[in-house]
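So the structure is just underneath, and the comments pick up after that.
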Amino acid sequence: MNLLEHAAKHLVLRNGGIAIPQGIVCHTPDEAREAFEVLRRPCVAKAQVPAGKRGKSGGIVVVTNAHEAHDAARSLLGTCIAGHRVSAVLLEEKANIAKEYYAAVLPDAAGRAPMVLFSEEGGMDIEELAEANPAAIRQATVDVLKGFSEEEAAALVEGAPHDAVLAPVLVKLYDAFRAHDAALLEINPLAVLDDGRAVALDCKFTLDPAAASRQPELAKAAVPEPLTDLERLAAEAGLKYIELSGNVALLANGAGLTMTTMDTVSRLGGTPANFQEIGGEAYTKAEAALKIVLAHQGVKSLVVNFCGAFARTDVMAAGVVAAWEALKPDIPVFFSIHGTGEDEAVALVRERLGIEPFDFMEDAVKAAVEAAR
């Protein structure tokens, strides 16, 4: 759940004691003109979309008067950047920068703990920097029981220009990360200005979806992810579906099993066409799910992978079999069924569809990958 820059700055950074530039959000060119009259100084007009590399996409424009602010907003509003339509522009005072830095906090999967990142090369795309010069990115793994201390922050920025100014910001950044249940909190660039202040010139914030109930204000401010037509249909039907670019369609129960099936398709040389998790609800929603999965233009085969513990596989299989009989798709399908009710489920698929489920998931996936070639 991503926040736009202006919302992340105000709701997360400023509330966490991190300085941000003065700015005004504008939704029309006239609002941008009026905003400049309030700020009355050179400004930057910034398209508000939850995507990086806005500058390279023409989404950031320097303006020096009200007329330029009006024209910049007019040129940005309604355009698309990285698949997102620009419906707001942040008019923000232009900073007098002495040096730019990079700072972020994100989960470290390997260390199973939050990680604070810092680099003296701010303003660059962090992915490109990590590839070109990994040593330029400093890292500190945080003990969640102890927090991130000023001493640890000082050690992370030691030797960098302005280190005494930067260390307190990193402590506040980590505290904001924890307080707001973030999956990512990034400042790029974190600028030290000519007057010696550290100011966040940009901000990326991603809220952990599981924390939405604890962070209602942030959840309300989050930008909905753009959906494909099929994803929109699935959402309306209450289905968990993500459209991908491959040709092997998937129906599986549970997110973990679905992702495992996707990984197996890739490992065996295929490309998944979707993520579609459907469990006990398969009995009532299988037809809608099957119709959406097979509506993908590139699909050439289908894997149905059920593994039940509490959810009975025979109940899930009954839903899919009934959907198959109703839709009568002309596409090869490969079943793998294990767990509670598997004997009944296998017999049902065999008798009603004339298809023999595979004993091993990998064999079902391999057959689907070969059929899609």
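The values are calculated or read from the model by the stated rules, or taken from the named source; none is laboratory data. For clarity, every value in this text was computed on a predicted model and none was experimentally measured. With ideal geometry, Cβ positions are generated from the backbone for all residues, glycine too; neighbour counts draw on all protein chains shown. Just so you know, the surface numbers come from the protein's heavy atoms only, side chains and all, with ligands and any DNA or RNA stripped out. Shrake-Rupley method; radii C 1.70, N 1.55, O 1.52, S 1.80 Å.
Would you check if Gly246 is within 24 Å of Ala372 (Cα to Cα) and of a type in the set (Gly, Ala, Ser)?
Values: within 24 Å of Ala372 (Cα to Cα): yes; of a type in the set (Gly, Ala, Ser): yes.
Taking the combined requirement at face value, the residue satisfies it.
Any residue at all in region 235-244 that is open to solvent by 40 Å² or more (accessible area, probe 1.4 Å), touching a residue at least 60 places away in the same chain (Cβ under 8 Å) and either out of contact with any helix residue (DSSP H, G or I) (no Cβ under 6 Å at 6 or more places or on another chain) or aliphatic (A, V, I, L, M) (or both)? No, that holds for no residue. Out of Glu356, Glu362, Glu351, one residue alone is within 32 Å of the chain's Cα centre (by Cα) and among the acidic types (Asp, Glu). It is Glu362. Here Val315, Val265, Val293, Val369 are screened, and the one residue that is assigned to a helix (DSSP H, G or I), more than 17 Å from Gly246 (Cα to Cα) and either β-branched (Val, Ile, Thr) or in contact with a strand residue (DSSP E or B) (Cβ under 8 Å, 6 or more places away or on another chain) (or both) is Val315.
I'd like to know if region 305-312 contains one or more residues that are farther than 15 Å from Glu243 by Cβ, part of a loop (DSSP other than H, G, I, E, B) and touching a residue at least 60 places away in the same chain (Cβ under 8 Å).
The answer is no; no qualifying residue exists.
Selection of first residues in region 49-72 that are under 16 Å from Lys94 (Cβ atoms) and among the β-branched types (Val, Ile, Thr) and of second residues that are modelled with pLDDT of 90 or more and in a loop (DSSP other than H, G, I, E, B), restricted to Cβ pairs under 6 Å at least 6 apart or on distinct chains, gives the following pairs, ordered by first then second residue: Thr64/Pro42. Scanning region 1-42 for residues that are β-branched (Val, Ile, Thr) and either touching a His at 6+ places or on another chain (Cβ under 8 Å) or open to solvent by 70 Å² or more (accessible area, probe 1.4 Å) (or both), we see that the one that is nearest to Lys172 (Cα to Cα) is Val12. Of the residues making up region 332-354, those that are closer than 18 Å to Val248 by Cα and open to solvent by 30 Å² or more (accessible area, probe 1.4 Å) are Pro332, Phe334.
Just for region 1-35: of the residues that are part of a loop (DSSP other than H, G, I, E, B) and within 15 Å of Ala191 (Cα to Cα), which one is farthest from the chain's Cα centre (by Cα)? The extreme case among them is Gln22.
Is it fair to say Ala326 is among the aliphatic types (A, V, I, L, M), touching an Asp or Glu at 6+ places or on another chain (Cβ under 7 Å) and surrounded by fewer than 21 Cβ atoms within 10 Å (Cβ to Cβ)? Yes: the conditions hold for Ala326. What are the residues in region 261-314 that are over 18 Å from Pro329 (Cβ atoms), at pLDDT 95 or above and out of contact with any Ser or Thr (no Cβ under 8 Å at 6 or more places or on another chain), if any? Scanning region 261-314 gives Thr261, Met262, Asp263, Thr264, Ser266, Arg267, Leu268, Gly269, Gly270.
To keep it simple, each residue is scored yes or no on (1) farther than 23 Å from Glu128 by Cβ; (2) out of contact with any Leu (no Cβ under 6 Å at 6 or more places or on another chain); (3) not basic (Lys, Arg).
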| residue | (1), (2), (3) |
| --- | --- |
| Ala47 | no, no, yes |
| Arg54 | no, yes, no |
| Ser57 | no, yes, yes |
| Ile60 | no, yes, yes |
| His67 | yes, yes, yes |
| Arg74 | yes, yes, no |
| Ile81 | no, yes, yes |
| His84 | no, yes, yes |
| Leu90 | yes, yes, yes |
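Whether a residue is basic (Lys, Arg) and part of a strand (DSSP E or B) was assessed, and Lys46 passes this test. The C-beta contact set for region 319-343 (first residue of a type in the set (Ser, Thr, Tyr), second residue part of a loop (DSSP other than H, G, I, E, B) and buried (at least 16 other Cβ atoms within 10 Å of the Cβ), distance under 6 angstrom, 6+ apart or interchain) comprises Thr340/Arg312.
Being at pLDDT 95 or above, surrounded by fewer than 19 Cβ atoms within 10 Å (Cβ to Cβ), farther than 30 Å from Arg214 by Cβ and of a type in the set (Lys, Arg): is that true of Lys53 here?
no
Could you say which residue among Lys204, Lys291, Lys220 is under 30 Å from Leu327 (Cα atoms) and charged (D, E, K, R)? From the options Lys204, Lys291, Lys220, the qualifying one is Lys291.
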